[in-house]
Structures are given as C-alpha cells and as structure tokens.
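**Q** Here it is: the structure, laid out below.
None of the figures in this text is laboratory data; all of them are computed from the coordinates on show. For clarity, every value in this text was computed on a predicted model and none was experimentally measured. No Cβ is skipped: glycine too gets one built from the backbone with ideal geometry, and neighbour counts run over all protein chains shown.
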Amino acid sequence: MKILKIELQNINSLQCETPIVIDFEHPRFDNVGLYAITGPTGAGKTTLLDAVTIALYRRVPRFEKTGSKGGLEDVVSYGASSAMARITFEAQQGRYEAQWDIRLKGANGKLLGKPVETVRLKNLSNGLIIAETKTACDEKVVEITQLNYDQFLRSVLLAQGEFAAFLSAKNSEKGLLLQQIAGDDIYRKIGETLKNKISEEKKVLDQIKSKINTDDLLSDEFASQLLSENKLLNEKQLTLNAELKILETVLNNYKQLNKLHEQIEELEKAKIQLAFDEEHHKQDFQQLEKHEAAEPYKDTLTEIARIEKDIEKNKKRIIEIDMELKTNQLEMTEAINYEKKCKTTLENKDQNDKDWQPKLEKVIELDTTINAHKAALLDKEKSKNQILEQIKELTKSVAQKKEQIKIYESTLSLLNNYFDKNKNMPAIEKKLSRWNIQLTHRKSNWDRLTVLKNNTAKKKQEFASNKSLIDDIIISNNEKKQKLTFLNNEIKTLDSQLERGNIQNLVEQNNQLHIQHQKLQELIQLSQTHSQLTVSQKELEAKHIELDKYKQTILVQTYAVEAKINSTTLLVNDAEELYEKDRYIVSLETERAKLKQDEPCALCGSTEHPLVEKYADIKISDSKKKLDERKSTLETLNKELKTLELELTKNKVNLTNLLLQMDKNKSDIDALKQKFVAYNSGFAIHDKITIQKALEDTKNKQTALSQLISTSQEQQKEKDKKQTELSALEVEIKTFDLRMAELSTTNSGIEELLSDFKSESNLLQIKNEENERELAIHFADCELQLPEIEDAIRFTQHLEADVKTYNDNIIKQTETQNNVQKCNIEIANFSQQIEQKTYELSLIVNSINKVSQDLQMQTTVRATILPAEISTEQKRTELQQNITKAKHEFEIATNRNNALREHQTARTAEKESIDKNQSEINSKLSNLISTLNNSILTSIFSNRDELSHSLLSDSLKNQYLRARKLQNDKRIEITTLDTNIHTEITKLEREFKQKDSFENSLAKLAEINEQKEKLQKRLGEIAESFRKNEEINARNIQVVNEIRAQERVCLKWTSLMTVLGGSQDAFNTYVQRLTLKNLINLANMHLYKLNRRYSLQLNANYKPGEELNFKLVDHYQADEMRLVDTSSGGEKFLISLALALGLSDLASAQVSIGSLFIDEGFGTLDSNTLETVISTLETLKMQGKTIGIISHVDSLKERIPLQIQVLKKSNGISKVLINE
C-alpha cells in the first residue's frame, strides 16, 4: 500500500480557498526515499497525517489518544463552511482514490443542524466508483489495503512515542502498553471469558449432583463376579456346540446313506424307462441309418441336377442372342448414313466462320474509337459542369463576405461606445485583489466579533447555571449524608438479630432431617417392592403348574399324530407303485394298437396277445387321483405334527423363562431383606404403616426448621439490600463531591475566557475601523462607495464580473478588426478565381463540338458492316455455337455407330462361348451319371430314385440325431450314476465301521442338548440379574447421564484453560511475550543498520510479572547485557525507532507498505548518530518505501533537501510549501 497524493482543504490550521495538493508522483519526488515535513510547533504538520486517516477511515488519532470526544466537524477550520480530505493510493496493483467531504452551512449561509458528510471510494484504474456510503467504504478500504485502522497506525504512521513510554514503564504497566501498541487485547478477553465459562459450568454440575441418590446402585464387585461367570458359561457353551456339530455330522452321514439306497431304486426305474424309449424310436433310427448311408452321394446328385438345369438355360440364351444380332444389323445401316450427313454440315459451318473473321476485326477497331470519343465527351461535360458550379459558389462567397463586413463594422461601433463609458475599469482591475483581501478581513473580523459576543453571552449563562448547580449539590449532599447515618444504624440492628438466630446450626439440623427423610422414603420403597415381589412369586408358581399340565397334553397328541403319519406313509408308497405300473401300461398303448391276431409282437415276438382287451380298460387318472388324496392326507398330518412340535417348544421356553423368573424373584426378595436390615432402622420390612408414620414426623420437623431458616434468610436479604443502598449512597456522595469540584473549576475557566473574549473584541474593533477608512479613500478615487458588510461578497463579485467583461470586450474588438481585414482579402481572391474559371469554360466548349462531329462519322461506318445493336462478341458467339452444334451431332452419330458395332461383337462372342461351354457340360454330365451308376451297384440301393428318396431333410435329420444323442447321453448318465452311487455307499460303509450306531448317536445328542439347556438357563439368570440392576438404576439414570454430560463439558473448558496456561491472564501474557519476541527479532534487523553495537534480547529466565522485560546487548563489551533503562536518550531513541519500524513490518506481514511517516524524537541525537539514522532510513528506499519525517530539528532540515514546509500566517492560518 503506497500513498501517491494528499489533498486537503479547510482542516484545522490549513485553511484555504483551493485544496492543498501534495503529489508524491511529481518529478521532484522521483528517486527520493526520504523527505521532511517541517514547520514551527502548532503550524499544522500533523494535520497532513490527520487528512490521510480521515480520508481512509474517518478517524483522527489525536482525538482517540487524548480521550477527546471531538467529532469530524471539529477538524473543520474556523469560519469555514466546508472541508475536504482526499488521498490517492496504490494497492494490489491498482490505483484508488478515497475522499471525505463535510458541509457545516447551507446555501443561505446558515449553520446546519446536522453537518452533511459524504464519502467516496473510486477505482482510478477503470474509473468505477466502488462505494459511496460510510459502511461500504470502511469495508472496501480494509479489503483493498488489507489494513484496518489500528494496523494502518502501526504500519504507516509509526507510533514512536508509545515505544518510548513502553521502555520506561514499570513491569505492571508494560502489558497494558504493549496491548495498546500491538492491538492484542482480544487474548485477554479470551482468558476472562474462559474463566467465567468454567465457573458457570461447575455451578451447573454442582446443582445436578445435588439431585442424585446412589444407594440403590449395584456394587462393582458383584457385577464383576457375574461377568466372570457369564464368560465361563459362554466358553462351555462353545465346547458343547462343537460336540453337537460332530454328532450332527454323524447323523447326516447316516441320512445320506439311506438317501443313496433310495437313489438306487430310482435308478432301476430309469433303466426300464430307457429300454422303453429305445423301442419307441427304433423305426426313426433305422431311417437315420439309411440317410447316413446315402449321404456320401448327396453332393453328386446335387451336381447332376445343377448341370442339367444349366444345359437347359444355355439353349434358351442362344435363341435370344440370334434375335438380337438380326435387329442390330438393321440399326447399324441407318447409323452410317446419318454420320455422313452430320460431317457435311460441320464442314460448311467452319468455312462460314473463317469468312467473318476480317469483318469482325474492323468492327472492333471502330468500336474502340467510338467508345473513346464517348468517354472524352462525358469527361468534358463533367468538367464543364464543375466549372459552372465553382463560379456560382465563388459569386455566392463574395456576397457573404460583404454581409459579414457590415456586421463587424456595427460591432466595432458598439464596443467603442462601451470603452468610452468604462474608462476607470483598468484602475479598478489593478486594485481589486487588494480590495478583496481587505473586505474579506473586514467580514472575518466582523464574524469573529459576532461569535465572541454570542460566546460571551453563553458563557455568562453557563457560569450562572453552574453556580446554581453547586448550591443544589451542597443541599442534596447533606441529605444523602444524613440518610447514610440512618442506614448504618439499621444494618447494625440486623447484624445482632442474625447472630442470635445462628442460621448455620439451623441449616445443619435441616440437612440431618433431610437425610433421615430420604432414608425413610427408601425403606418405604423397599417395603412396597417386597410386597409386590411376594405376590408375583405366588402367581408364577400357579402359572408353572398350568404350563406343566399343558405340556403333558401336547405330548399325548404328538404321539397319536406320529402313529397316523407312519400308516399314511405306507399307503402313499403303495399308491405310487400302482400309479407307475398303470403309467407304463398306458405308455405301450401305441404298440398294442399295432398288434394283430397270429402276427408276432415287435417287442417280444409272441403271436398270442391275451391281455390286449384287459389293458384297454385301464385309466391312469384313477390311480393318480388316489395317490394325490393319500399325499394330501400325509401333508395335513405333517403340518399338524409341526404345529404340535412348535407348541411343545414354546411351552418348554415358557417353562424355562418362568423358572428363571421365579428364581430371580426369590433372589430379589432375599436381596431386599438384606438391604432393609443393613439400614439398622429398627422397623420390620412388612411394617409399612409404622415407617410412614415416622416419615410424617420427620416432615413436620423439617417444616418448622424451614420457617426458622426462612426468617433468617429474609433478615439476611434485608441486610444485603440495606448494604447495597449504603454503597450506592457512598458512590452518589463521591459523585457529588467530584461534580462540585468540576463545576468550580469550570467557572474559574469561564471567568478567564470572558476576559480573553473582551480583549480580542476590542482589538478586532480597532482593526475594522482602520480597514474601513483605507477602503473608503480608495473607492472614492474610482467613483465607488464602500459596501455594507453583508454585501461585500456580492460587491466584489460584481466588480470581478465587470473587469472580466471589460477584458473580454478588448479581446472581442481586436478579433473583429482582424475579421474585417480577412474578409476584404478573401473577396479580392474570389474575384480573381471567377475570371480564371470563365476562360477555362470557353476552351472546354470548343473541344466538345469537335469530338461530337468525329463520333458521328465513325458510327455510320460501323453500321454498314454490322448493325449497332449486335456486338462482335455476340456475332462470334453465334458462329461458335453453330460449329459446336454441328460437332455435337457428328459425335453423337459416331458414338451410336460404334456402340452398335461393339454390341454385335459382344453378342457373337457370347454365342461362341455358350456353344463351347455346352459341349464341356454335356461331357461332364455323362461322366457323373456313369460314376453314380457304378457306385449304386456296390451300395444297398437298387437305383438312383431309391437313393434320392432315402435322403432326409436337414430339420428331420437334426431331430433324429438329437433323439439318438439324448438316448445315448441318458444311457451314459445312468451307467455313471450307478457307478458313483455304489462307490459312495462303499466309501460311507467303510468309514463308519468303527463309529457308534445311529441309536447311540441320537442318545448322545439328547444328552448334550440337556446340558446345553441347563447352561442356557444359568445364562438367563445372569442376564436377568443385570436387567434387574438396570431396572433399579433406572430411577437415577437421567441424573447420572446429566452429570456425565456436564462433567464432559467442564472437562472441555478446564482442558482448554490448561492448554492456555492455567489462569485467565496466562494466555494473554503468553501471546504478548510471543508478539514481543517477533517484534524484537524484526527490530534487531533495523537496529543493526542504525547502530551495530547494540541488539535487543528477551529475558530467557523470568519471574511472574517480568515476562515482558528485555535487555540491551552491548556487542562492543563482550556481549554484555544491561537494562534498557541505563541507555542514554539517543540510544533509547534508536531502540524505539527500531521497534517502531519492526512493528510496521509485523503489522504489514501480508501487505507491501510503500509509505511511512515518523513523528518527532530526533532532537536527542548527536550529529553523527543523526547522520546514521538518516542514512539507514534512506536505505529503506531499496524496499520500495518512501519515508516522511516530521521534525523541527534544524540540522535535520539541512540534511534532507526535499521538504514539505508548513508555515504560519496571521489569524492562526498556515500554508504549505514544497522546497527542493
């Protein structure tokens, strides 16, 4: 961020009519890294820096440092109606302009009730206005510069005086000063907020803990024992599960063996079905065998048929070719005659074209001459018209100039009359600036007299008002002191009453009664729970008897259903065998239909068929219906058995759960009795009424004690209230004393101010009288009268306007005389041009007549050769078209004749080719037929027709092949399956020779299931114990969760406090020390350039309160460390300057700072050190920085050639000059 230009107007002592401009882009600032802002004390040097902060942030640093409540209207120069501050700066590779304006008076000159303040931020790079409201400007300035107000003060306006105070401050004050300098007060607020938050959260935790009652919680030791037992039981259960899995594997193997025997039976049935299918497809397979025998001759038969077809096709094509050759011969004769005719026509057209060529060359020559004459005539006519137009324009211009001369002469006459009337105006112009200053001073003095008069009246009124307030304060203060004495007496009375009441003993007694009350409530709860559990135990025993009876009933029903299932299974097997036999008999119905009396059967060869009529009446639907009915009955019985088994399982589970619940109730009753006895209350667990009576007595005692405590608390509240009133009264009395002292001081100041007002008024009155006498003498010399004070501005403006009009008329007179002379010269020039143009016109007319005669003669000659309307190109095109047409017709005739010849040749060649091919095919056909006949003689076929009929279609062949393949695959499958089943049976029988029998395995399975059932029962009891523990804990679970949640919240905040140092100020101190360490590192870089002898170093070891102490290292004395307080004034200045430059680097870590301002402090340096400081500051130019030093040290002024001087004038006004 770099400041390029500062503009201001009417700010503090820098009052001016036009804005003061300091342009750092002016050539005088080129290659300048250091300049001085000089001037006497109070001239307004710091006002230039105020203008920068006002334009950017609308804030004045001096107001904030002194604690003044002044506003921006207070920076407006005395008597000015408006003020302005504007800076141009560079940031983020762009140019921007920030402007602030304020207006205190309206257009009528009266003060506004509320000043009108405007702001604007503009991007000069693209001309766009970024913001025009205060809030938007504040946000955009920070966004563009990347510096807020505090960062700007620390990085651009170096607060050197603050570091001087920091170096000499006490340990307790350094933290506050560094906080103000570096702006890290946020970290102190973080520590305070964190401490308050921890206190709040701990109070909430204490309130929640006061609600909880932990007497009923299950002990950790007993819970641990139950968990251990539960673990052992789970491990045993895993062992039983492994044994159970082994037994299940054995039983599954027995079941698999039975299943394999059933598969053998199914396999025998499949073999019977396979034999039946083979007989059924026997005839199809025979046809397939004949086809396979005839299939080698299929290609030969196909080739013979194709050759016979081709021979017939060639005979038809020869007849067609003979017809085409006859027709083509007639067309060829006609084409030859037409070709000869077209050739004769083409030769005639060529000769006609040659005869026309000389004529066309002559016509082209004539056309060229004619066109040239026409173009010349057009040019000459155009020139003729242009000259006529020019003569006309010149004649018109001469008339206009003569009219202008008349107007100019009239104007000169009027101006001469004006100058005669205003002869005094040159003298007035010379004295006008002096008069303007004198009238302005007169008006300013008069305004100041008016202000002094008004201020005197206000101050007198304020003095009287303050005096009246002092009297009122004295009376009110006496009343407050009397009330203070009365409150002290009342507080003493309440203290004595509270001592007699001894509220602490009452609270202790109440706490004991509260504990007893809770104990009795718990006893009542235990008594109620004991009664409920006793009743529940009796109900469970009754339910156990009912479930046992229901179990016996289900077992009886299960045995009956199993007997029915066994008998029904046998019936279903019988029905299935009957159904299979009927189905097989029905499947042979086709073969039975083929049987004939005394003829052999195709399957068995028998000639007798006694069962044909018997099997004819068999219907497969009857056996199928009977089988379905028996299966349905079996399925119903199986469902009924499953339902009974489910009921039995459910009954077992209910009985197990009931037993577990009964055992649990019994253990709960024993535990309740033990817990009740542990209270040592002297009551029986069933004596609930006696316990309730004791609880009522305790409640009554608590009520009585609560009333006594309430009375004491009311007394304490009354005392606190009185104490608060007493403190408020003491504060009011102190406030009254301070206010009275303040008013007395104010009145003393008012008396002194009234005396100053009177002296200033007398002096201004004398100055105004002298000024008016001098003005009256000067005005009389110029025949003018002295204006009234309020009309002075209008009078001056009127004179300035008259002077301006006089000067404008002199300029106008000179311009008019020059215009008259210019018009006369132009008229003479125009007349000369008219004569020249008239001569040129006569020459052009003669030339036009001569060219017209020649053009007429050439046109006549051209028409005799070729009419004018026909051009040579058109004639050439006509001749060429005739030749092209003749050529085209000749080419068509030739092409047609050639095409007919080619067609005749092609057809003749095709006929010869077919004849040759026909003889070859006949020979090949004879050979194929002979070969096929020889092959048939050695085959199973008698002739060619039988061979052809034996071949099957592709679809029928594929169908028979699939059927044969299916039969073969099924045969292989049955054989393979038969082998595999017998192998598996052999393997299983070999493996189980040394194993237990099926019955022994079932017995072991039942034993393991019984052990598992007992184990699960105990696991259920343990689970029920934990459930009961959770049920007992349910009353306090919400409070426990609240405590745990709140403890986590407290832990979070206390952990954060620990991380930040353990106290509310530790984090702030840590951050301040870290900031100071970084600041010292940056400052040492600058201090090394200022004086290599010294550097700064933080104390590595420090006591509480000394965290921000650092020492000066003297490298010329073997790096000896000494306190900064032992440094001289010049050394302290160098240290504070280095710290200020370091702070600028620290505050602008992410921003490039191109402008710095350093205020005062150079007076403590000797000449050598001053030279070193200036040289060091000049080196910062290499970093792109421009530094302005504000000082009134004479030697500094001499050392720095470029200076911005702020010089005092009269009446407290200063002016700004830039000297090189």
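**Q** Around Gln146, with a cut-off of 15 angstrom between Cβ atoms, what is the net charge of the other residues, counting Lys and Arg +1 and Asp and Glu -1? Could you put the intermediate results ahead of the total?
**A** Values: positive: Lys2, Lys140, Arg154; negative: Glu90, Asp138, Glu139, Glu143, Asp150, Asp1145.
Result for the neighbourhood of Gln146: -3.
**Q** Also, quick follow-up: Just want the answer: with Cβ charges of +1 for Lys and Arg and -1 for Asp and Glu, which residue in Ile1189, Asn917, Gly1212 is farthest toward the dipole's positive end in the chain?
**A** Result: Gly1212, furthest along the dipole toward the positive end.
**Q** Additional query: What number in nm² do you get for segment 729-801 if you take the convex hull of its Cα atoms and divide its surface by four? Let's see the in-between values first.
**A** Values: hull surface 33.7 nm².
Over all viewing directions, segment 729-801 projects a mean Cα-hull area of 8.4 nm².
**Q** Here is a further query. To the nearest Å, what is the center-to-center distance of segment 92-161 and segment 684-732, using C-alpha atoms only?
**A** 65 Å
**Q** Viscosity 1.567 mPa s, temperature 4 °C: what is the translational diffusion coefficient of segment 1-113 from Stokes-Einstein with a Kirkwood Rh over Cα pairs, rounded to a whole number of µm²/s?
**A** Working: Rh = 15.3 Å.
For these conditions, the coefficient is 85 µm²/s.
**Q** Please arrange Ile11, Ile407, Ile545, Ile1187 by how many other C-beta atoms lie within 10 Å of their C-beta, fewest to most. Provide the component values of the computation, followed by the final result.
**A** Details: Ile11 26, Ile407 12, Ile545 9, Ile1187 20.
Fewest-to-most ranking of Ile11, Ile407, Ile545, Ile1187: Ile545, Ile407, Ile1187, Ile11.
**Q** Could you put Phe486, Phe1157, Phe152 in order, starting from the residue whose Cβ has the fewest other Cβ atoms within 10 Å?
**A** Details: Phe486 11, Phe1157 18, Phe152 24.
The order, fewest Cβ neighbours first, is Phe486, Phe1157, Phe152.
**Q** Per residue of the chain, what 222 nm ellipticity follows from adding -39500 (n - 2.57) for every DSSP H run with n ≥ 4, rounded to the nearest 500? Mind dumping the intermediate values first?
**A** Working: 25 runs with 918 residues, N = 1220.
Helices in the chain give a 222 nm mean residue ellipticity of -27500 deg cm²/dmol.
**Q** How many angstrom lie between the C-alpha centres of segment 781-848 and segment 259-308?
**A** When both Cα centres are located, 133 Å separates them.
**Q** Sticking with this structure for a sec: Check the straight Cα-Cα distances from Lys688 and name the aspartates and glutamates below 16 Å, setting aside those fewer than 8 residues away within the same chain.
**A** In chain and number order, the partners are Glu522, Glu696, Asp697.
**Q** Taking Lys349 as the anchor, which lysines have their alpha carbon closer than 28 Å to its alpha carbon, excluding any fewer than eight residues away along the same chain?
**A** The qualifying lysines are Lys340, Lys341, Lys359, Lys362, Lys875, Lys885, Lys887.
**Q** Stokes-Einstein diffusion coefficient for segment 255-316 at 10 °C in a medium of 1.306 mPa s, Rh from the Kirkwood formula over Cα pairs: what value in µm²/s? Write down the numbers at each step before the final one.
**A** On the way: Rh = 16.6 Å.
Taking Rh from Cα pairs, D becomes 96 µm²/s.
**Q** Show me the GluC sites (Glu not before Pro) within segment 846-940 that DSSP assigns to loop and that have at most 12 other Cβ atoms within 10 Å of their Cβ.
**A** Numbers: sites: Glu869, Glu873, Glu878, Glu889, Glu891, Glu902, Glu910, Glu912, Glu920; in loops: Glu869.
Sites meeting the loop and neighbour criteria: Glu869.
**Q** Here is a follow-up. What percent do you get for the relative contact order of the chain when only Cα pairs under 8 Å and 6+ apart count? Mind dumping the intermediate values first?
**A** Values: 1085 pairs, mean separation 357.6, N = 1220.
Reported relative contact order: 29 percent.
**Q** Over 26 Å between C-alpha atoms is what I'm after, so list which of Lys122/Lys443; Lys298/Lys924; Lys140/Lys1208; Lys626/Lys650 land there.
**A** Working: Lys122/Lys443 38 Å; Lys298/Lys924 17 Å; Lys140/Lys1208 37 Å; Lys626/Lys650 37 Å.
Flagged as over cut-off: Lys122/Lys443; Lys140/Lys1208; Lys626/Lys650.
**Q** Kyte-Doolittle cut-off 0.0, length cut-off 15 Å along the helix's own axis using Cα: show which whole DSSP H helices in the chain pass. Don't skip to the answer; put the middle values down first.
**A** Numbers: long enough: 45-57 (19 Å, 0.99); 134-145 (16 Å, -0.21); 171-182 (17 Å, -0.12); 185-209 (37 Å, -1.03); 220-280 (86 Å, -0.69); 282-294 (19 Å, -1.68); 298-421 (146 Å, -1.01); 425-501 (107 Å, -0.96); 503-587 (115 Å, -0.59); 620-678 (87 Å, -0.78); 688-781 (129 Å, -0.83); 792-865 (103 Å, -0.54); 872-937 (96 Å, -1.16); 954-991 (54 Å, -1.20); 998-1059 (76 Å, -0.64); 1066-1090 (35 Å, 0.11); 1129-1147 (27 Å, 1.15); 1167-1179 (18 Å, 0.11).
Passing helices, by number: 45-57, 1066-1090, 1129-1147, 1167-1179.
**Q** If each Cα of segment 221-302 is one equal point scatterer, what is log10 of I(q)/I(0) from the Debye formula at q = 0.14, 0.19, 0.21 Å⁻¹?
**A** -0.79, -0.94, -0.99
**Q** Okay, moving on. Which pairs break 31 Å Cα to Cα here: Lys105/Lys758; Lys197/Lys701; Lys551/Lys664?
**A** On the way: Lys105/Lys758 27 Å; Lys197/Lys701 39 Å; Lys551/Lys664 23 Å.
Flagged as over cut-off: Lys197/Lys701.
**Q** Of Cys823, Cys137, Cys782, how do they rank once you tally other Cβ atoms within 10 Å and put the fewest first?
**A** Details: Cys823 18, Cys137 22, Cys782 14.
Ranking Cys823, Cys137, Cys782 by Cβ neighbours within 10 Å, fewest first, gives Cys782, Cys823, Cys137.
**Q** Kirkwood hydrodynamic radius, segment 335-377, all distinct C-alpha pairs: what's the number in Å?
**A** On the way: mean 1/r = 0.0749 Å⁻¹.
For segment 335-377, inverting the mean 1/r across all distinct Cα pairs yields 13.4 Å.
**Q** Additional query: Under 17 Å Cα-Cα from Lys431, which lysines qualify once same-chain neighbours fewer than 8 residues away are excluded?
**A** List returned: Lys423, Lys804.
**Q** Nearest 20 debye, what's the magnitude of the dipole of the chain about its Cα centre given +1 on Lys and Arg Cβ and -1 on Asp and Glu Cβ?
**A** Numbers: 175 positive and 187 negative charges, 636 e Å.
My answer is approximately 3060 debye.
**Q** Which of the three applies to segment 352-474, rounded, prolate or oblate, going by the alpha-carbon gyration tensor with a ≥ b ≥ c and a/c under 1.5 meaning rounded? Could the numbers behind the result be given before it?
**A** Numbers: a/c = 10.04, a/b = 2.97, b/c = 3.39.
Verdict is oblate for segment 352-474.
**Q** All other residues with a Cβ under 12 Å from the Cβ of Gly749 taken together, and with Lys, Arg as +1 and Asp, Glu as -1, what is their net charge? Intermediate results must be reported in sequence, preceding the final value.
**A** Values: positive: Lys459; negative: Glu462, Glu742, Glu751, Glu752, Asp756.
Value of the local net charge: -4.
**Q** Do any of Lys259/Lys581; Lys1077/Lys1111; Lys45/Lys110; Lys202/Lys719; Lys309/Lys916; Lys639/Lys1004 go past 19 Å between their Cα atoms, and which? Mind showing how you got there, number by number?
**A** Values: Lys259/Lys581 23 Å; Lys1077/Lys1111 12 Å; Lys45/Lys110 31 Å; Lys202/Lys719 28 Å; Lys309/Lys916 17 Å; Lys639/Lys1004 28 Å.
From Lys259/Lys581; Lys1077/Lys1111; Lys45/Lys110; Lys202/Lys719; Lys309/Lys916; Lys639/Lys1004, over 19 Å: Lys259/Lys581; Lys45/Lys110; Lys202/Lys719; Lys639/Lys1004.
**Q** Nearest 20 debye, what's the magnitude of the dipole of segment 337-402 about its Cα centre given +1 on Lys and Arg Cβ and -1 on Asp and Glu Cβ? Present the calculation step by step, with values, prior to reporting the outcome.
**A** Numbers: 15 positive and 12 negative charges, 112 e Å.
The calculation lands at about 540 debye.
**Q** Among [x] 56.3; [y] 131.6; [z] 83.1, which one is mean projected area of the Cα convex hull in nm² computed from these coordinates?
**A** [y]
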